[in-house]
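Down below is the structure, laid out as structure tokens.
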């Protein structure tokens, strides 16, 4: 159907519409499986046991239950408390995160500029969070396996990411964007994802750590046990960081499904106006130009 | 002059100190998470939508004057997992809320706990997983 505007050729697959269309069938199947899994868990819970005992039993079962280490499909909720101490904490939002990444002078300057921008409210732009920022937002994501790629659906901002697993190389005509372009391959039981092609318009974390267009991001995904996903992130961005640096983060497998949470200016505005009726204060600033952040490093 | 949005760096207590972030969408308000307030009032509006839901409550202050409070919550997706739904509250119902009030002293707050007319209690939702010992 070449004249069908919704027909998704390989070249069009990066558009949201095509991704949405392509994964609808997969989503239905995954949802059905999740619903069935939840029902099975509920039916097998020991009746009359205390919630605490049930929780302990569930936890013990999760550590010994069989699973396919090459299958990450399902909904994963972040478990920030599992991050090793001493690493850069992407949710240390107190204003003085400690430790800091190994900034270059340019990276440090960009971070300082970004901090002011974050405090002033980058939410009003509705810019996609991209990766890695969406990984470090305390909301779940779902993994869906497709024939030639792994799809990630982030609940926050209802955003999608593709990780190509068909052995391709980076295309010559990459168009930089928030998500970057990601290739995945297996090294034993570790799923290794390499990404580049970032547009430099988003932050790496909520604190405003900068991203340069030359960022190369590596993720090493592992299922520690049936219910636990571990990802080791390494960020190699010579313009902003003096050396590659890493964050180890964890997620827990959940039996619920994601909900829609798109970011829309109209909803933000309505929300804001309602609060304004109560406190009489002026609202948010939607009039400023968006997308260009003072600390971003464009080519 | 319009006031830009301020990202509130105030964090929930306990495990959410590591995983929770709440931002005020209006008036640059940060929430005072160390001095929670409990309010009993009559629902005037329950607004279920992204980015965050809202509850508006008529509350009588110390002098007997009725003040309409705006209570911010987290997103519908988060509330659903905490047992909330779009039909949970109706205008005219009397509920009790525990909130982190705006530091500006305006009648605005971020929900921490909701007590329904039948006494059932709901939290304001979870951001990220809690450590197992706190389950």
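Filtering the stretch A:93-115 to residues that are in contact (Cβ under 8 Å) with a residue 24 or more places away in the chain and within 8 Å of chain B (Cβ to nearest Cβ) leaves only A:93.
Can you tell me which residue within the stretch B:91-115, out of those that are surrounded by fewer than 16 Cβ atoms within 10 Å (Cβ to Cβ) and within 18 Å of residue B:44 (Cβ to Cβ), is nearest to the other protein chains (Cβ to nearest Cβ)? Step by step, filter the stretch B:91-115, then rank; the result is B:91. Go through (1) in contact (Cβ under 8 Å) with a residue 60 or more places away in the chain; (2) away from chain B (no Cβ under 14 Å); (3) under 22 Å from residue A:238 (Cα atoms); (4) assigned to a loop (DSSP other than H, G, I, E, B) and name the single condition residue A:90 misses. Failed condition: (2).
Taking the listed residues A:150, A:118, the one that is touching a residue at least 12 places away in the same chain (Cβ under 8 Å) and touching a strand residue (DSSP E or B) at 6+ places or on another chain (Cβ under 7 Å) is A:150, with no other qualifying.
Would you pick out the residues in the stretch A:185-218 that are assigned to a strand (DSSP E or B), surrounded by 19 or more Cβ atoms within 10 Å (Cβ to Cβ) and free of Cβ contacts under 8 Å to residues at least 40 places away in the same chain? Selection gives A:193 alone.
Yes or no, residue by residue, for (1) under 27 Å from residue A:111 (Cα atoms); (2) within 16 Å of the chain's Cα centre (by Cα); (3) surrounded by 15 or more Cβ atoms within 10 Å (Cβ to Cβ):
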site	(1), (2), (3)
A:226	no, no, yes
A:232	yes, yes, yes
A:261	no, yes, yes
A:266	no, no, no
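Checking each residue in the stretch A:153-172 for being assigned to a loop (DSSP other than H, G, I, E, B) and either touching a residue at least 40 places away in the same chain (Cβ under 8 Å) or surrounded by fewer than 19 Cβ atoms within 10 Å (Cβ to Cβ) (or both) picks out A:155, A:166, A:167, A:168, A:169, A:170, A:171, A:172.
Among the residues of the stretch B:64-80, just one is assigned to a strand (DSSP E or B), within 7 Å of chain A (Cβ to nearest Cβ) and over 11 Å from the mean Cα position of the chain (by Cα), namely B:68. Tell me, please, whether a residue that is touching a helix residue (DSSP H, G or I) at 6+ places or on another chain (Cβ under 8 Å), more than 12 Å from chain B (Cβ to nearest Cβ) and part of a strand (DSSP E or B) can be found in the stretch A:131-141. Scanning the stretch A:131-141 turns up no residue that is touching a helix residue (DSSP H, G or I) at 6+ places or on another chain (Cβ under 8 Å), more than 12 Å from chain B (Cβ to nearest Cβ) and part of a strand (DSSP E or B). Just so you know, in the stretch B:116-135 the residues that are facing chain A (nearest Cβ under 10 Å) and touching a residue at least 40 places away in the same chain (Cβ under 8 Å) include one that is surrounded by the fewest Cβ atoms within 10 Å (Cβ to Cβ), and it is B:134.
Exactly one residue out of B:41, B:83 is more than 11 Å from chain A (Cβ to nearest Cβ), in a loop (DSSP other than H, G, I, E, B) and either in contact with a strand residue (DSSP E or B) (Cβ under 7 Å, 6 or more places away or on another chain) or at pLDDT 95 or above (or both), and it is B:83. The residue that is nearest to the other protein chains (Cβ to nearest Cβ), counting only those in the stretch A:248-268 that are part of a helix (DSSP H, G or I) and in contact with a helix residue (DSSP H, G or I) (Cβ under 9 Å, 6 or more places away or on another chain), is A:268.
What number of residues within the stretch A:67-80 satisfy the criterion of being surrounded by fewer than 14 Cβ atoms within 10 Å (Cβ to Cβ) and either under 20 Å from the mean Cα position of the chain (by Cα) or more than 17 Å from residue A:190 (Cα to Cα) (or both)? Count: 2. Residue selection: residue A:276 fails the criterion of being in a loop (DSSP other than H, G, I, E, B) and either modelled with pLDDT of 95 or more or surrounded by 15 or more Cβ atoms within 10 Å (Cβ to Cβ) (or both). Residue A:160 meets each of the listed conditions (1) modelled with pLDDT of 95 or more; (2) within 14 Å of chain B (Cβ to nearest Cβ) apart from (2). Scanning the stretch A:54-79 for residues that are within 21 Å of residue A:135 (Cβ to Cβ) and either assigned to a loop (DSSP other than H, G, I, E, B) or modelled with pLDDT under 95 (or both) yields A:69, A:70, A:71, A:72, A:73, A:79.
The values are calculated or read from the model by the stated rules, or taken from the named source; none is laboratory data. It should be emphasised that the depicted structure is a prediction, and the values quoted were computed from it without experimental measurement. Because the Cβ atoms are built from the backbone with ideal geometry, glycine has one as well, and the counts that use them run over all protein chains shown.
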